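The values are calculated or read from the model by the stated rules, or taken from the named source; none is laboratory data. Just so it is clear, the structure is predicted and the values come from calculations on it, not from any experiment. Positions of Cβ are generated from backbone atoms using ideal geometry, with glycine treated the same way; all protein chains shown enter the neighbour counts.
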């Protein structure tokens, strides 16, 4: 066997080994290799990182921007005023957000239930787009078990009418969108969220002092926090579940179930063990 044959055989074995590792890795990780193939078709027009959000959390997710309205049968996920920006030249930029959850796509909508198109305009340099900080809502119709810690995957797409229409079709999936409109895909954002906790946060934050006290009387989820008795700092907050009395503020110490059973307000206005 000649030297050239040995080199070709070696290269062949390396390629086969890499292919086997790819398939095994995909099976072990539960990754759909076809989806990887679809992602390879995505357009180079919008490079990763060009569209991003200033006010993400330190880990790079958007869980800090997520709220949940759980007052109806179908929960509503809310992205609360994300601060988008886009680095690139042009006259105008418009895009939509789609939520991929449990292999179902949900359209981002405005307060009136219409598809939400985020329109951005370039700054004075013409090289960077500033976008309005709006609320985007996703009504999670048709899914169950939306409780506890969940992972939500939000994707951004250029706001062509054909894309908006396709995204709103019943039964639409992320795989089909990538297959049909790869050139309009822009980027994605992930959020790991404790839905149960977010439901309580949203409910409490919308209550005035009377509603907050009523809610506290019913189940102890909320309490009215009034630091230094200053009205403009006062608001309704979720009762935390700390195990140490000293971690509670004065108001929570007096009104939330855990500290009521184990703690008391100290002479200095804090919270201490009974």
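Only one of the numbered conditions (1) touching a helix residue (DSSP H, G or I) at 6+ places or on another chain (Cβ under 6 Å); (2) closer than 15 Å to residue 106 by Cβ is violated by residue 222, and that is (2). Consider the range 234-244 and keep the residues that are in contact with a strand residue (DSSP E or B) (Cβ under 8 Å, 6 or more places away or on another chain) and surrounded by fewer than 19 Cβ atoms within 10 Å (Cβ to Cβ). The one that is nearest to residue 196 (Cα to Cα) is 235. Residues that are assigned to a strand (DSSP E or B) and within 14 Å of residue 152 (Cα to Cα) within the range 66-81 comprise 66, 67, 68, 76, 77, 78, 79, listed in sequence order.
One line per residue, one yes/no per condition, for (1) surrounded by 14 or more Cβ atoms within 10 Å (Cβ to Cβ); (2) under 24 Å from residue 76 (Cα atoms); (3) touching a residue at least 40 places away in the same chain (Cβ under 8 Å):
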{"residue": "163", "(1), (2), (3)": "yes, yes, yes"}
{"residue": "168", "(1), (2), (3)": "yes, yes, yes"}
{"residue": "197", "(1), (2), (3)": "yes, yes, yes"}
{"residue": "212", "(1), (2), (3)": "yes, yes, no"}
{"residue": "258", "(1), (2), (3)": "yes, no, no"}
{"residue": "265", "(1), (2), (3)": "yes, no, no"}
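Screening the candidates 189, 242 for the property of being within 22 Å of residue 148 (Cα to Cα) and assigned by TED's automatic domain parsing to the domain that holds residue 55 yields one hit, 189. The set of residues in the range 247-269 being more than 20 Å from residue 218 (Cα to Cα) and under 35 Å from the mean Cα position of the chain (by Cα) consists of 247, 248, 249, 250.
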